[in-house]
Each structure stands twice: as structure tokens, then as C-alpha cells.
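The values are calculated or read from the model by the stated rules, or taken from the named source; none is laboratory data. From a predicted model like this one, the values you see are computed outputs, not experimental measurements. So basically every Cβ, Gly included, is an ideal-geometry build from the backbone, and we count neighbours across all protein chains shown. Ligands, DNA and RNA are excluded from the accessible area calculation, which covers all protein heavy atoms including side chains. Shrake-Rupley method; radii C 1.70, N 1.55, O 1.52, S 1.80 Å.
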Amino acid sequence: MAASNAYNPKGGKYWQSMASLCAALLLLSVPLMARAVGLPALSNLAGDDFDISAEVKMLDSGQVVAQQSPRVMLTPASLSKLYVAGAALDRYGPQHRFTTSLYSSGQVRGNVLHGDLIVDGGGDPAMTTERYWTLVQQLRARGIQRVDGRVVLSQWPFGPTPCVVTDRCQARSASSSSYDALLSPVAVDYAAWCTQVIPGAPGGPARVAGCFSASPLLPVNNKVKTVGGSQPTQLSARRTTSNGNDSLTITGQVSTSSGPTPVYRSASDPAQETVATLRQLFQQSGVAVAEGFTVSNTVTPRNASLLASVQSQPLQMALMDMLNYSNNFMADMLTVDLSAATPASLASGTAALKRFVDKVPGHGPLALGSGSGLTPESHTSARGLTALMDYMYHQPQLFPTFSAGMQTPSNGVAHHIQHGSINFQNNVMVKTGTLNDPVPVRTIAGYFRGKSGRWGTFAVLVQGRGATPYLTWPKVMEAVADDMSTIIEHN
């Protein structure tokens, strides 16, 4: 009796079975081909008013599934911070900490430091009043109750930086924002004055205090009234500078149902804000300073002794804050930190960002004037951004930190990204960018997971050709969400 064809090497059924098995194994070993579906909603935004650069690709195969002018160079706005995050992680690693120290060339005899006390700023992008307080307490713990000299804030690493960003140049005289402060290695609290508005009796004036003290650190012209609990709190504040001295005017109303409401406005000179902060902290700690506080660009002497030091939070935590809240001060501080020049500058820092991008395969041209995105002359493309995202995705030791700073629309802190289907809101994590001058710019980039569980990346840059028409975020986000929902569904 003849053997069954199923076991006969020469039998047709055997070879058909083997062919099917090999085909199945081949499908398992090669990523599924993504389905290209286009970007119809975004295409409707283009035309005479706006330029668009967009690209969507899968990260397992590298297949581009949708694109629109992906190589066109447009302004990235705050997507520049993605380059800062990638370069900082590549240079330092997630656990890096910046150190701020107190040095002196003087001698401690008894409870007196005979000589100057030098505050050596280590470029911490998120140095806080609390950590400066820790420094002063370490000094106090040494038994020092008097500095028989000056407290000198040393800005030698890179301060004060030249004014190269329009917003920061204007903020030297006045500001109604908190994002436009100049840079300094000895800055505190993101170089923004923090004042609290506290409700008083209904119909009467509100009270003002410092955020870390009973009294504000700068003069405040308080024009805020207290209103009943059923009315909203509405505040407006403007910091002005005269003869090098900052003052703050706050107007509006505060509700009796509100707790203390913080108001942040950028300092005209970050080092002088730190001087005011340290003066208060030394007074509170009972450490007298005989010759006052000053700022210097002199390098800390090599023979100076270390008296106290404090470390920043790990870089991975700082990057989460920088990306989540799109903190411009932190981004440009980190950019300058990356510089290979001494003294460093924003220009030498952006040169370091470009050197990092040279390692990113397929990125293409890049022009950055800052890491914050405040410079409208900065330009990149959707192709460049997806190349960056692809590169970071394939760095397993860095990707968790890099992606952790992005937001999911369904639970992120930014309200303008909360658009589109649940499918979109739960399956993407993004960073956005906004500029309004000289032309409107709305940008978004991030990662997504398709319905099959595959990872992809996308970038969309929309830029106006003139100051008008104004480009709203809902209009852009709804288009991005519509197109990405379809891509997620089909991949």
C-alpha cells in the first residue's frame, strides 16, 4: 500500500503544507505592512493661508503611512524642546544631577567666616528657593552665624547671557508673563517672582504675600479687591523695571472662596531675584552678612573650600516638567548647559543640539536659534522630527524618560490637546508648540499605538503665511485627531 502523500516528500500535499507554514513564519518574522490612508483633514487646512509639513510612520518597519510636504522647513515652536530632551539624555543620562555650591577662600574661626562666601551656580534649570534654603541651613549647621565679607553670586559659567530672543529683550523693562526671563546659572524658581494674592474681607482690598515668606520679595502695587464667594477670581499682573529695580502691579478681584492665588512674573535680572531671595533666607536663618550681597562673573578660585552643596532633582524629573509645562526657561538653561564653550551661550548651546542631531539617521537640515522655541527663525521639518522620534524610540535606556514628558490628551495638563475621538485621546502621547508672532504657528509631534498594538510616530507643523488669519488650536487639533484616528484604526 502506497504511503500517504502527507508523508511523501514527493507528494503535492506535503509541499503545499510546507509552503503554507513557511509563509506563516515569514509573516511572523516581518512586521505587518501598515496601511497608508493619507491626511485628508490636514490637507483641508493647507492652501493660500497656511503651509503644512506632516509625516506619520511606523516604528517597527520604518514605513511612512501618510505624509504631506514632509521635507518642508517650518518653525517648530516648542517642539524644539524635544531636541533639548534628546540631546540632554544622550549627553548626561536620566539620573544626572546639577550641583549648586557654597565656597570660600576665607577661614572659619569660631562662628564667623572671615572672607567672602561664593555661590557657585551649576546651571540647575530648576533651582528652587527650597534648595537655596537647604544650602543656607548647611552653612548654619557648620556653626557659622556671620559672614565677615560679602555673599557673591558667581555667574561665571554663562551669565548674564546676551539678549537674543525678542520676548526676553522686551522683558528687561516690563513683562506680563512668566516665560520670558533671561538666563543665569544662579537663577531661582525659573527666574520668576512669585507673589500670593490672599482674599481679605468682602468689599475690601486683598492681601499680598510672598510665596515662600510673609512679605513679597519685590514692591507690589496691590489694586486687587475682595469679592464674594460666588464671584470668580480674575487677576492681571505686570512687572516693570526702573533703575534696575523690579516692581509688580496686580489688579482685578479675588474671591473669598479662593485660597492664596500665586502670581508669577519674570524677573528682569534673574541674579538680582536670587540676591533678594538669599538676603531673606540668611535673615531668616540668623546668619549675618557684613558687606551685603553682590553678583560677579569671576571664576570661583581653585583654592576655595567647599562649605555646602545641594543637588538638583534627577534630569528625568526635570525633563518631565520641561516638556509637560513647556517651560522655556528650563529648555534654554539646558541648551546652554550642553555647550562646549566657556563661557557658554545660547548660540554655543544650539550648536551642541545640532551636533546631537548629526547622529540621527535621516534627519536632514536643522536651524535652531534656541531650545525653547521662542525664536521664529528656527526651522525643521516633519521628516526631521519623526527621524528624531524614531531614533529616541530605539534607545531603550533613554526612551522611557524621553516619552514620559509627553502628554496623553485624555489626562494631560494641557486643555488644547483634548480634542478628537477617544481612540485618539487614549492612544497618542504628544508635545505641542505655539507661536503667534510674526505669524501663527501650531505644531504637534508624538507617538501613537495602532489598534494592533504597533508603535508609530507622527509630526505636524502648521504655519501661517501672514499674521492673519489667526490659527486656533481646536481647528488644528480636530484635523490632526481625525486623520490620526483613522491611522490608529487601520494599524
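Could you tell me whether any residue of segment 89-104 is under 25 Å from the mean Cα position of the chain (by Cα) and farther than 26 Å from Ala187 by Cβ?
There is no residue in segment 89-104 that is under 25 Å from the mean Cα position of the chain (by Cα) and farther than 26 Å from Ala187 by Cβ.
Against the condition in a strand (DSSP E or B), at pLDDT 95 or above and open to solvent by less than 30 Å² (accessible area, probe 1.4 Å), how does Ala66 come out, does it pass? Yes, satisfied. Do you know which of the residues in segment 409-449 that are basic (Lys, Arg) and open to solvent by less than 60 Å² (accessible area, probe 1.4 Å) is farthest from Leu42 (Cα to Cα)? My answer is Lys431.
In segment 398-405 there is no residue matching the filter, namely being within 22 Å of Val65 (Cα to Cα), surrounded by 23 or more Cβ atoms within 10 Å (Cβ to Cβ) and among the polar types (S, T, N, Q). The one condition from (1) outside any loop (DSSP other than H, G, I, E, B); (2) under 30 Å from Thr233 (Cα atoms); (3) open to solvent by less than 20 Å² (accessible area, probe 1.4 Å) that Met127 does not meet is (1). Per the listing Ala331, Ala347, the residue uniquely on the phi < 0 side of the Ramachandran plot, touching a residue at least 60 places away in the same chain (Cβ under 8 Å), open to solvent by 60 Å² or more (accessible area, probe 1.4 Å) and not in a loop (DSSP other than H, G, I, E, B) is Ala347. Within segment 401-411, identify whether any single residue is among the hydrophobic types (A, V, I, L, M, F, W, C) and over 23 Å from Pro94 (Cβ atoms), and answer yes or no. No; the residues of segment 401-411 include none that is among the hydrophobic types (A, V, I, L, M, F, W, C) and over 23 Å from Pro94 (Cβ atoms).
Scanning segment 162-186 for residues that are among the polar types (S, T, N, Q), out of contact with any helix residue (DSSP H, G or I) (no Cβ under 6 Å at 6 or more places or on another chain) and in a loop (DSSP other than H, G, I, E, B) returns Ser173, Ser176, Ser177, Ser178. Exactly one residue out of Tyr132, Tyr83, Tyr103 is assigned to a strand (DSSP E or B) and not basic (Lys, Arg): that is Tyr103.
Pairs are defined by a Cβ separation below 7 Å, a sequence spacing of at least 6 or placement on different chains, a first member in segment 410-428 that is in contact (Cβ under 8 Å) with a residue 12 or more places away in the chain, and a second member that is basic (Lys, Arg); the pairs so defined are Asn427/Arg449. Among the numbered conditions (1) more than 17 Å from the chain's Cα centre (by Cα); (2) open to solvent by 20 Å² or more (accessible area, probe 1.4 Å), the only one that Asn324 does not meet is (1). Scanning segment 216-266 for residues that are among the aliphatic types (A, V, I, L, M) and under 22 Å from Asp189 (Cα atoms), which turns out surrounded by the fewest Cβ atoms within 10 Å (Cβ to Cβ)? Of everything passing the filter in segment 216-266, Leu235 is surrounded by the fewest Cβ atoms within 10 Å (Cβ to Cβ).
Among the listed residues Pro216, Pro301, which satisfies the condition of being out of contact with any Phe, Trp or Tyr (no Cβ under 6 Å at 6 or more places or on another chain), in a loop (DSSP other than H, G, I, E, B) and modelled with pLDDT of 95 or more?
Testing whether each residue is out of contact with any Phe, Trp or Tyr (no Cβ under 6 Å at 6 or more places or on another chain), in a loop (DSSP other than H, G, I, E, B) and modelled with pLDDT of 95 or more leaves just Pro216.
Taken together, the residues in segment 75-96 that are among the aromatic types (Phe, Trp, Tyr) and open to solvent by less than 10 Å² (accessible area, probe 1.4 Å) amount to 1. Inspection of segment 42-55 finds no residue satisfying the criterion of being crowded, with 17+ Cβ neighbours inside 10 Å, within 28 Å of Phe158 (Cβ to Cβ) and either hydroxyl-bearing (Ser, Thr, Tyr) or modelled with pLDDT of 95 or more (or both).
Residues checked against (1) open to solvent by less than 10 Å² (accessible area, probe 1.4 Å); (2) of a type in the set (Val, Ile, Thr):
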site	(1), (2)
Met73	no, no
Gln107	no, no
His114	no, no
Leu117	yes, no
Arg131	no, no
Thr134	no, yes
Gly143	no, no
Val151	yes, yes
Val165	yes, yes
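When Ala54 is tested against the conditions (1) outside any strand (DSSP E or B); (2) within 23 Å of Val428 (Cα to Cα), the lone failure is (1).
Taken together, the residues in segment 99-135 that are among the basic types (Lys, Arg) and either under 15 Å from Gln145 (Cα atoms) or at pLDDT below 95 (or both) amount to 1. Residues that are open to solvent by 20 Å² or more (accessible area, probe 1.4 Å), over 30 Å from Ala141 (Cα atoms) and either in a strand (DSSP E or B) or among the β-branched types (Val, Ile, Thr) (or both): does segment 278-290 have at least one? No, every residue in segment 278-290 fails to be open to solvent by 20 Å² or more (accessible area, probe 1.4 Å), over 30 Å from Ala141 (Cα atoms) and either in a strand (DSSP E or B) or among the β-branched types (Val, Ile, Thr) (or both). Scanning segment 241-260 for residues that are modelled with pLDDT of 95 or more, more than 27 Å from the chain's Cα centre (by Cα) and at positive phi turns up at least one hit. Residue check: Ser372 meets all listed conditions (1) assigned to a helix (DSSP H, G or I); (2) buried (at least 21 other Cβ atoms within 10 Å of the Cβ) but one, namely (1).
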